[in-house]
Amino acid sequence: MTSAPEERVSQGSVPFALGGTPDLRPKVVIGIDPGATAGSITAMDIEMLGVKASGVLPVATSDLVEKMKTYKEHFNVVMVFLEQVRGYVPKDQPMSMHSISRLCRHAGVIEGIVTALGMPFQEYAPTSWHRKLNLPKGGNYKERKTAIYTMVRQRYPNEVSRSRCDSIAIALAGIYKLRGKPIQ
């Protein structure tokens, strides 16, 4: 008499049937805006689209490492979306070369920390995540930032601040990117 094959539900590399334990931490996508002045980070629940944690990025590398370790410890991180940073700055967003180099360096440090911690990540170009969220095209820098803030404030009235709205939007767009669906 043959028995039915044992159903194996795998979590990571150790199947439950072999003594593994399910990962009960919330599945999240992390959105990171390296920011020209103050960056921000948001962990968003991939199923419920709720903000699990959000805050300003620490400037000190050691503090940033600790923050990322904490996120990895408390959440099942599906993907980290890091806003892509380039040396190009639109005409309506004047920045000094020093500011641009500091921004690029900060993004590189974040990328290194995320990689060292073994978290999967993708860079996400601002134009791409704006498009994914159906944000208006064109306009000047201030108008684009206001559109992002308004959209995020409508969805998450208790979570939003101007300093954190980009990372919330990046996380939300990242979830829609993973799902392959447009915003609803």
Checklist entry - Between MET79 and residues 5 or more places away or on another chain, which pairs have amide H atoms under 5 Å apart, with H built 1.01 Å from N, and which residues are they? => result ILE30
Item to check | Cut-off under 5 Å, modelled amide H: who pairs with GLY39 long-range | outcome: LEU57
Checklist entry - Got a sec? How would MET119, MET44, MET68 order by Cβ neighbour count within 10 Å, fewest to most? => result MET119, MET68, MET44
Checklist entry - What does the charge add up to near ASP45, with Lys and Arg as +1, Asp and Glu as -1, over the other residues with Cβ less than 10 Å from its Cβ? => result +1
Checklist entry - Can you give the extra length, in nm with one decimal, that the chain gains between MET48 and ASN76 once fully stretched, where that is 0.36 nm per residue apart less the Cα-Cα distance? => result 8.7 nm
Checklist outcome for this item: Pseudo-spin-label distance ALA38 to ARG25, built 7 Å along Cα→Cβ, given in nm, is 2.7
Checklist outcome for this item: In segment 25-179, lysine pairs 8 or more places apart or on different chains with C-alpha atoms under 12 Å apart total 4
Next on the checklist: Skipping prolines and chain starts, which residues have an amide H placed within reach, meaning under 5 Å, of the one on GLY50, given they are 5 or more residues away or on another chain?
Outcome noted: ASP45
Item to check | Computed label-point distance, nm, for sites GLN154 and SER128 using a 7 Å Cα→Cβ extension | outcome: 2.5
Next on the checklist: Sort TYR176, TYR124 by Cβ crowding within 10 Å, fewest neighbours at the top.
Outcome noted: TYR176, TYR124
Next on the checklist: Within a 10 angstrom radius of the beta carbon, how do ILE148, ILE168, ILE113 rank from fewest other beta carbons to most?
Outcome noted: ILE113, ILE148, ILE168
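Every number in this text was worked out from the coordinates using simple rules, so none of it is lab data. A quick note: this is a predicted structure, and the numbers were derived from the prediction, not measured. Using ideal geometry, Cβ is built from the backbone for each residue, glycine included, and neighbour counts are taken over all protein chains shown.
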